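Here the structure comes first, spelled out in structure tokens, and everything after it is commentary.
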Amino acid sequence: MTADPSTRAYYDDFAQHYDEGRDRGYHRLVDDLEAGAVLPLAAGRKVLEVGCGTGLVLERVAAVAAQARGIDLSPGMLARARARGLAVDEGSATALPYPDASFDLTYSFKVLAHVPELDRALAEMARVTRPNGHVVFELYNRRSLRYVARRLAGSRRIGDGHEEKDIATRWMTPAEIERAAPRGTVVESIVGVRIVTPAAAVHRVPIVGGITRRIERALSRSPLARFGGFLVVIARRDGA
């Protein structure tokens with residue numbers, strides 16, 4: 001399945017500035033918590049990131065995996081991932097160009113909430129995952145401070161020619177997110193990202209930002225994880 005040209009153009013535009021500021025503060029925290037959810041599962045394994053973008057998380061995973069690959073629909077994003085020396089392919093999350101049971105771990109962050117055919121994308125991730133391997137996926141939580149903040153802030157500019165409203169975004173309840181796990185998988189745990197952060201700007205405030213980041217890390221795997229703006233579901237594919 002080919003990506004809609006307007007969607008590809010959106011992400012190509014986003015790619016021009018995507019990495020800016022992601023090495024610190026709020027964005028670094030989000031990437032740290034997401035990467036932390038998959039690094040223990042990726043060590044010594046064959047891994048696929050669906051919607052790898054510029055490769056910020058994939059680069060960390062590739063450092064511990066036996067083999068790491070990424071796929072994305074945006075040539076602009078992929079150009080930056082390749083500049084990092086990463087192995088990446090152009091393609092759609094709903095039609096992964098890999099044989100069944102090709103990977104020990106498949107994962108996706110910041111992507112699936114924008115894919116209209118969510119069930120199909122998750123089914124594809126499960127298809128290319130080996131029995132007893134893991135499917136890790138992230139969706140956006142309607143029961144969170146992040147949801148409230150996004151509604152209040154409105155649509156932001158994300159590139160030279162686009163705003164966030166130019167692409168669809170799905171918000172789901174924690175129960176709906178857990179039920180989204182693809183058939184043939186069992187949910188093992190949930191990681192919450194951005195639980196107490198009311199706005200990303202908080203992380204730029206001296207002392208307050210550091211305290212907030214410590215709290216976020218401490219709560220990410222606690223019972224309060226389900227209030228995270230991003231919910232990361234770690235599911236295991238049933239054995240053969």
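What to note about this one:
- If the condition is being over 16 Å from the mean Cα position of the chain (by Cα) and not in a loop (DSSP other than H, G, I, E, B), then segment 156-173 contributes 157, 163, 164, 165, 166.
- Helices (runs of 4 or more DSSP H) contained entirely in segment 1-89, each with at least 1 residues that are closer than 30 Å to residue 209 by Cβ and at pLDDT 95 or above: 25-42, 56-62, 75-83
- Residue, surrounded by the most Cβ atoms within 10 Å (Cβ to Cβ), within segment 161-201, restricted to residues that are under 21 Å from residue 21 (Cβ atoms), modelled with pLDDT under 95 and aliphatic (A, V, I, L, M): 200
- Any chance residue 121 is assigned to a loop (DSSP other than H, G, I, E, B), among the small types (Gly, Ala, Ser) and within 18 Å of residue 234 (Cα to Cα): no
- Considering residues of segment 210-220 that are buried (at least 18 other Cβ atoms within 10 Å of the Cβ) and in contact (Cβ under 8 Å) with a residue 60 or more places away in the chain only, the residue nearest to residue 174 (Cα to Cα): 220
- Within segment 85-106, the only residue that satisfies the criterion of being of a type in the set (D, E, K, R) and surrounded by fewer than 14 Cβ atoms within 10 Å (Cβ to Cβ) is 100.
- Total residues in segment 1-58 satisfying the condition of being of a type in the set (Lys, Arg) and either without any contact (Cβ under 8 Å) to a residue 12 or more places away in the chain or under 28 Å from residue 195 (Cβ atoms) (or both): the figure is 3.
- Residue in segment 36-46 that is under 23 Å from residue 120 (Cβ atoms), surrounded by 18 or more Cβ atoms within 10 Å (Cβ to Cβ) and touching a helix residue (DSSP H, G or I) at 6+ places or on another chain (Cβ under 7 Å) present: yes
- For segment 145-155, the set of residues classified as at pLDDT 75 or above and more than 17 Å from the chain's Cα centre (by Cα) consists of 145, 148, 149, 150, 151, 152, 153, 154, listed by residue number.
- The residues listed here are 75, 97; of these, the one that is out of contact with any helix residue (DSSP H, G or I) (no Cβ under 9 Å at 6 or more places or on another chain), farther than 21 Å from residue 30 by Cβ and not charged (D, E, K, R) is 97.
- Checked against (1) closer than 28 Å to residue 172 by Cβ; (2) surrounded by fewer than 17 Cβ atoms within 10 Å (Cβ to Cβ); (3) in contact with a Lys or Arg (Cβ under 7 Å, 6 or more places away or on another chain), residue 67 passes all but condition (1).
The values are calculated or read from the model by the stated rules, or taken from the named source; none is laboratory data. The structure displayed is predicted, hence computed values, not measured ones. We place every Cβ from the backbone using ideal geometry, glycine too, and count neighbours over all the protein chains shown.
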